[in-house]
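Participant: Pasting in a structure now, in structure tokens, and then I'll have a few things to ask.
The values are calculated or read from the model by the stated rules, or taken from the named source; none is laboratory data. The model shown is predicted, which means the values in this text are computed figures rather than measured ones. All Cβ positions, even for glycine, are placed from backbone atoms using ideal geometry, and neighbour counts span all protein chains on display.
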Amino acid sequence: MPKRGNQPIQGEMLQGTLDLLILKTLGVGPAHGHTIAYAIERQSEDVLQVEHGSLYPALHRLEDRGWISSFWGTSENNRRARYYRLTPLGRKQLAAQTTRWDEIVRAVNRILRPA
Amino acid sequence: MSLKKFFRRSAWDDERSRELDAYVAIETDENIARGMSPADARDAARRKLGNATLVREEIYQMNTVTIVDAAWRDVKYGARLLRLNPGFALVAILSLALGIGANTAIFQLLDAVRIRTLPVKSPEELVEIRIAAPVGGRTGQFSGRTPSLTNPLWEQMRDRQQVFSDVFAWSGAGFDLTTSGEARTAQGLWVSGDFFKGLGVSALLGRTIAAADDRRGCQAPPAVLGYGFWQREYGGDASVVGRSITLDGHSFDIVGVAPASFFGVEVGRAFDVAVPLCAEPFSRGARTALDKKDVWFLGAMGRLKPGVSMEQARAQLAAVSASTFQETLPAYRPQDAKHYLEFKLGAYPAGTGISQLRRQYESPLWLLLATTGLVLLIACANLANLMLARATAREREIAVRLAIGASRGRIVRQLVAESLLIAAIGAAAGAMLAQSLSRFLVDFLTTSNNRVFVALTLDWRIFAFTAALGVLTCVVFGLVPAIRATGAAPGAAMKAGSRGATDTKERFGMRRALVVAQVALSLVLVVGAVLFVRSLRNLMTLDAGFQQEGILVVNMDLRRTGIPEERRSAVFAEITSRVAALPGVASAAQAFIVPVSGSGWNNNIVIDGKKYTENVNFNSVSPGYFRTMGTPVLAGRDFDERDAPGADKTAIVTQLFARKFFPGAAPLGRTFQIDEAPGRPQPLYRIVGIVKDTKYTDLREEMTPLVFFDAAQEEKPDPFLQVVLRSSAPLTSITPSVTAALGEVNRNIIVQFQTLPSMVRDSLLRERLMATLSGFFGALAALIATIGLYGVMSYTVARRRNEIGIRMALGADRRDVVRLVMGEAGALLVAGVIVGTALAIAAARTAATLLFGLHPGDPATLAIAAGGLGAIAMLASYVPALRAARLEPTEALREE
């Protein structure tokens, strides 16, 4: 399905970025895999395309670290789906990683656009 | 990554797959909502998700320790392959199990009786003290299992030696636990005061016997129980210390229990109860040997003082010998006395204890170990053959796997896992087999009056060694060809079809060589088996001069009856006639010595004043003995009332005696004397009958000249009586009536029953053991070799399908094909038999002393063994030959 507007970035998302985006998305409230992917794509105005091949392993990894937890719930259109929610540990990680992200962006910017 | 997740990873995987399904469902719903058809919607959803399996695999990997997981999968795959080839698996595992198990079992036993040191303090310091030189020349009475010294000799030695920190003596004896009725014997031990101290063994409960307990004339001697006896008789009750135990009718105070590991100093026996040596008169009464200079019944050991070498000990013992023997000279005839005074005491390492079992069974056990070693070799050869065949058969499979992308390393790992799986199962089965086989051996060696005790534990060294050998065989022969196969270009291997490209001449040559080796080695074992079985048969069927079937031996102990010495003969006669009169008893008679019981009584004789140096065996029997035993009286008469106590002494002799001492003359009516020690009466015996030769102490021995005296003329019999009776009724129905009849004579008679056939069987224990085990291993070896030959021939036939097809198409008939295959099998067999015969002749020499009535290189035996093995092996090759002959030429050729 060709996308209109911005050129989507696929398969080259920065290492660790997906984890941060998932945490951020779940910061709003519990969601299942499909919603998470949809939300990331929508919010980035389709610039960031979430590869499902990476999404589910990432979810598993985060759950393994105890940053998110999962439960089975019912989706908007009455389907059984596996929901994820942020754990308190995950919330702290979200804050820490956001700060870290800002630092990186600022650092990269200082190099790209010297004052 | 937690271990919990590792084990729950398949549950996790299910969860993931459900999650991914949910995703597809939701996406499909949305696509439908966007206006797609349901089928398109689902396809689009699937496309969007991508490769779901890959996702799952990635997550699965995250939960996995890769090596463990891969190894586990290899093992599972290997197990599946083994299940698919049950024949291969069974033969491989059984070969290994038998090879490993049999070796471990025999070695354990050998280690226990031969190599292992006594479980006491510093066993290497222990030294056995006995007469070193000159050999033989001791006369007198011998009793116990280590009749090295007399008590006066022991006491002199004990007081004179200076090289040992402790010296101690012991004697094994059966102690009767009952006071009347049927005897119940405990393995007793008379020990000198320092026995436990010298060995460094302290009590598990209470105390052991101390020096203070062993004083001449002790009145209330203590008893120490052996651990096994304590468990058996008292259920391990700790309150046993302080109670008393009746031994040979005397009460002893139990003062302690020995630790479980301590069985005494004789390997192969466990003592039940130990009492001080000073208590010996309680059992032997007036016949006490404590002051007898010619009753040999004690074994002695010492513990070397620190810093004293074995040489110093020997030198010192030799130095005190002259005075020691001078001091204890028995009332010997001059030439015996001269010999006695020349004796020297010697010292021998005794760290591994003393053992009669060892003397009797050491060479059979080594021989059996060699046998099981051969079995292991044959099993390994068979395994190698199987592995080679399998590697060849799997070349195509390996080629396919390489072609679709498996790495070489991965395939080799898989093959190692399979080999190790076989080896592991085989080794485990071998360990179990070893334990049951050892137990079987110990049970086999245990007879009614000889309880064998051997501390058996799984010997890890030998088990590890044999198991490693098996594993190595598996891995080397399974893997090397496989690695070579992985080296070949997959295309070539696949193109070559059913005929493996790497199936080189050498490899098949190797398999043929292995079969020849198997046949040769198994022929050695089969020859051994036939030799031992025929030896046993020779012993069982030889004419012993008596009929053993239906004879019951009744042993009576009259020590506690109080019957005075002078009345004993009369009581003995009464008992004998009562027993003979019992219903079901055909005849009964007294016998001082029962043939083949191992006991003996001999001396030299004097005829008309002339001394003969040849030993003559004696026995003392009552009238009816020859009828009871089924020994024909050839001339003269049996004993009867004419041979009364006061009348002229008479004797009955055997044919051999007559031929030896009265050659060419009529011996009836002639007289002879026993060459008694000076001062003892030498009555004249007149020969009144001649009987057939009979075996005396042992079935294996040559017939010896034998003289029977009339028991009624014995003036001062010991308070022991032995009666043999013949009955056709089951012996269980006879024993109660005999016991009842004895009770009527005197309530305090202690009685023990044994059947003559069981005594004969027990006396042939070693022969039976060798025949049974060598027969078993021989059959096993033949079976394994046959399987090997069958495997190779089947493979040959499969490999030569095309050739055979062409031959048949060109006019060869089925008989030609059978001949072709059988010819090849025959060639292998003949090669194996030739090598095997040479090996067998060489090997049989080592067993010469264990054979009876056979030469080690007995041609009939070799012929039977080679013929039998050949027949079975040819039969096994006939099956593939027939298969080849049934080949349809068109089909065989079409496959090309």
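Participant: Suppose we keep only residues that are touching a residue at least 12 places away in the same chain (Cβ under 8 Å) and charged (D, E, K, R) within the range B:305-332. Which one would you say is farthest from B:Ala133 (Cα to Cα)?
Facilitator: Result: B:Lys305.
Participant: So, in the range B:624-644, how many residues would count as being among the aliphatic types (A, V, I, L, M) and more than 17 Å from B:Pro595 (Cβ to Cβ)?
Facilitator: Within the range B:624-644, residues that are among the aliphatic types (A, V, I, L, M) and more than 17 Å from B:Pro595 (Cβ to Cβ) number 3.
Participant: Separate question: Is it fair to say B:Ile834 is modelled with pLDDT of 90 or more and in the same structural domain as B:Ser774 (by TED's automatic domain parsing)?
Facilitator: Numbers: modelled with pLDDT of 90 or more: yes; in the same structural domain as B:Ser774 (by TED's automatic domain parsing): yes.
Yes.
Participant: Of all residues in the range B:339-354, count the ones that are more than 29 Å from B:Leu110 (Cβ to Cβ) and surrounded by 15 or more Cβ atoms within 10 Å (Cβ to Cβ). Step through it out loud before you land on a result.
Facilitator: The first filter runs over the range B:339-354 and keeps only residues more than 29 Å from B:Leu110 (Cβ to Cβ), leaving B:339-345.
Now restrict to residues that are surrounded by 15 or more Cβ atoms within 10 Å (Cβ to Cβ): B:339-340, B:343-345.
Total satisfying the criteria: 5.
Participant: Then there's this: Collect the residues in the range B:812-868 that are under 18 Å from B:Leu374 (Cα atoms) and polar (S, T, N, Q), keeping them in residue-number order.
Facilitator: Hits for the range B:812-868 are B:Thr837, B:Thr846.
Participant: Here's another thing I want to ask about it. Identify, please: which residue in the range B:574-599 is surrounded by fewer than 16 Cβ atoms within 10 Å (Cβ to Cβ) and more than 16 Å from B:Ala740 (Cα to Cα) and is, among those, modelled with the lowest pLDDT?
Facilitator: For the range B:574-599, the residue satisfying everything is B:Gly598.
Participant: Please indicate, with yes or no, whether at least one residue in the range A:69-81 is under 24 Å from B:Gln61 (Cα atoms), within 12 Å of the chain's Cα centre (by Cα), crowded, with 20+ Cβ neighbours inside 10 Å and within 10 Å of chain B (Cβ to nearest Cβ).
Facilitator: No: zero hits.
Participant: Something else about it: Whether any residue in the range B:752-771 is part of a strand (DSSP E or B) and buried (at least 21 other Cβ atoms within 10 Å of the Cβ) is what I want to check.
Facilitator: no
Participant: Moving on. Of all residues being more than 9 Å from chain A (Cβ to nearest Cβ) and assigned to a helix (DSSP H, G or I) in the range B:25-37, which is surrounded by the most Cβ atoms within 10 Å (Cβ to Cβ)? Just the residue, please.
Facilitator: Once the filter is applied, the top-ranked residue is B:Thr28.
Participant: In the range B:209-232, how many residues are assigned to a helix (DSSP H, G or I) and without any contact (Cβ under 8 Å) to a residue 24 or more places away in the chain? Talk me through it step by step, then tell me what you get.
Facilitator: Just the residues of the range B:209-232 that are assigned to a helix (DSSP H, G or I), to begin with: B:211-213, B:227-232.
Adding the requirement that they be without any contact (Cβ under 8 Å) to a residue 24 or more places away in the chain leaves B:211-212, B:231-232.
The number of residues fulfilling the criteria is 4.
Participant: Looking at the range B:427-457 only, could you name the residues that are surrounded by 20 or more Cβ atoms within 10 Å (Cβ to Cβ) and either among the aromatic types (Phe, Trp, Tyr) or touching a Cys at 6+ places or on another chain (Cβ under 8 Å) (or both)?
Facilitator: Residue satisfying the conditions is B:Phe453 alone.
Participant: When the residues of the range B:295-338 are narrowed to those that are touching a Pro at 6+ places or on another chain (Cβ under 9 Å) and among the small types (Gly, Ala, Ser), which ends up surrounded by the most Cβ atoms within 10 Å (Cβ to Cβ)?
Facilitator: Among them, the one singled out is B:Gly299.
Participant: Of a type outside the set (Asp, Glu), over 30 Å from B:Tyr361 (Cβ atoms) and surrounded by 20 or more Cβ atoms within 10 Å (Cβ to Cβ): is that true of B:Met808 in this structure?
Facilitator: Here the answer is yes, as B:Met808 does meet what is asked.
Participant: Which pairs have Cβ atoms under 7 Å, sit 6 or more apart or on different chains, and link a residue in the range B:236-262 that is acidic (Asp, Glu) to one that is surrounded by 16 or more Cβ atoms within 10 Å (Cβ to Cβ)?
Facilitator: B:Asp248/B:Phe175; B:Asp248/B:Asp176; B:Asp248/B:Phe282; B:Asp248/B:Ser283; B:Asp253/B:Pro222; B:Asp253/B:Ala223
Participant: Cβ contacts < 8 Å: first residue at pLDDT below 90, restricted to the range B:645-674; second residue of a type in the set (Ser, Thr, Tyr) and assigned to a helix (DSSP H, G or I), any location; separation 6+ or different chain. Result?
Facilitator: What qualifies is B:Pro645/B:Ser569.
Participant: While we're on this one: Suppose we filter B:Ala71, B:Ala97, B:Ala41 for residues that are aliphatic (A, V, I, L, M), in the same structural domain as B:Ser438 (by TED's automatic domain parsing), surrounded by 14 or more Cβ atoms within 10 Å (Cβ to Cβ) and over 20 Å from B:Leu383 (Cβ atoms); which single one remains?
Facilitator: Unique residue meeting the criteria: B:Ala71.
Participant: Looking only at the range B:38-92, which residues are touching a Lys or Arg at 6+ places or on another chain (Cβ under 9 Å), of a type in the set (S, T, N, Q) and either within 23 Å of A:Ser54 (Cβ to Cβ) or within 14 Å of chain A (Cβ to nearest Cβ) (or both)?
Facilitator: Of everything in the range B:38-92, those that are touching a Lys or Arg at 6+ places or on another chain (Cβ under 9 Å), of a type in the set (S, T, N, Q) and either within 23 Å of A:Ser54 (Cβ to Cβ) or within 14 Å of chain A (Cβ to nearest Cβ) (or both) turn out to be B:Asn63, B:Thr64.
Participant: Evaluate the range A:27-38: report whether one residue or more is without any contact (Cβ under 8 Å) to a residue 24 or more places away in the chain, surrounded by 15 or more Cβ atoms within 10 Å (Cβ to Cβ) and farther than 18 Å from B:Asp29 by Cβ.
Facilitator: no
Participant: Hey, among B:Ala424, B:Ala389, B:Ala406, which residue is over 22 Å from the mean Cα position of the chain (by Cα), assigned to a loop (DSSP other than H, G, I, E, B) and not polar (S, T, N, Q)?
Facilitator: Going through B:Ala424, B:Ala389, B:Ala406 in turn, just one is over 22 Å from the mean Cα position of the chain (by Cα), assigned to a loop (DSSP other than H, G, I, E, B) and not polar (S, T, N, Q): B:Ala406.
Participant: Scan the range B:645-665 residue by residue and report those that are surrounded by 12 or more Cβ atoms within 10 Å (Cβ to Cβ) and over 49 Å from the mean Cα position of the chain (by Cα).
Facilitator: B:Ala647, B:Asp648
Participant: Got at least one residue in the range B:656-667 being among the aliphatic types (A, V, I, L, M), in contact with a strand residue (DSSP E or B) (Cβ under 7 Å, 6 or more places away or on another chain) and farther than 18 Å from B:Val606 by Cβ?
Facilitator: To start, the set of residues in the range B:656-667 that are among the aliphatic types (A, V, I, L, M) comprises B:656, B:658, B:665-666.
Those still in the list that are in contact with a strand residue (DSSP E or B) (Cβ under 7 Å, 6 or more places away or on another chain) too: B:658.
With farther than 18 Å from B:Val606 by Cβ added as a condition, the list becomes none.
Scanning the range B:656-667, I find no residue that is among the aliphatic types (A, V, I, L, M), in contact with a strand residue (DSSP E or B) (Cβ under 7 Å, 6 or more places away or on another chain) and farther than 18 Å from B:Val606 by Cβ, so the answer is no.
Participant: From the residues in the range B:102-141 that are in a strand (DSSP E or B) and at pLDDT below 80, which one is surrounded by the fewest Cβ atoms within 10 Å (Cβ to Cβ)?
Facilitator: Taking the candidates together, the pick is B:Ala133.
Participant: Got a number for residues in the range B:672-695 being part of a strand (DSSP E or B) and surrounded by fewer than 16 Cβ atoms within 10 Å (Cβ to Cβ)? Working first, answer last.
Facilitator: To start, the set of residues in the range B:672-695 that are part of a strand (DSSP E or B) comprises B:672-674, B:685-691.
Of the ones still in play, those that are also surrounded by fewer than 16 Cβ atoms within 10 Å (Cβ to Cβ) are B:686.
Count: 1.
Participant: Right, next: Would you confirm whether any residue within the range A:83-93 is touching a residue at least 12 places away in the same chain (Cβ under 8 Å), within 25 Å of B:Arg46 (Cα to Cα) and either within 12 Å of the chain's Cα centre (by Cα) or within 11 Å of chain B (Cβ to nearest Cβ) (or both)?
Facilitator: yes
Participant: Failed condition for B:Arg627, given (1) touching a strand residue (DSSP E or B) at 6+ places or on another chain (Cβ under 6 Å); (2) part of a loop (DSSP other than H, G, I, E, B); (3) among the basic types (Lys, Arg), with all others met?
Facilitator: Only one criterion in (1) touching a strand residue (DSSP E or B) at 6+ places or on another chain (Cβ under 6 Å); (2) part of a loop (DSSP other than H, G, I, E, B); (3) among the basic types (Lys, Arg) is unmet by B:Arg627, namely (2).
Participant: Being surrounded by 17 or more Cβ atoms within 10 Å (Cβ to Cβ), of a type outside the set (Asp, Glu) and part of a strand (DSSP E or B) is the filter here, so list the residues in the range B:153-173 that pass it.
Facilitator: If the condition is that a residue be surrounded by 17 or more Cβ atoms within 10 Å (Cβ to Cβ), of a type outside the set (Asp, Glu) and part of a strand (DSSP E or B), then B:Phe164, B:Val167, B:Phe168, B:Ala169, B:Trp170, B:Ser171, B:Gly172, B:Ala173 are the ones that fit.
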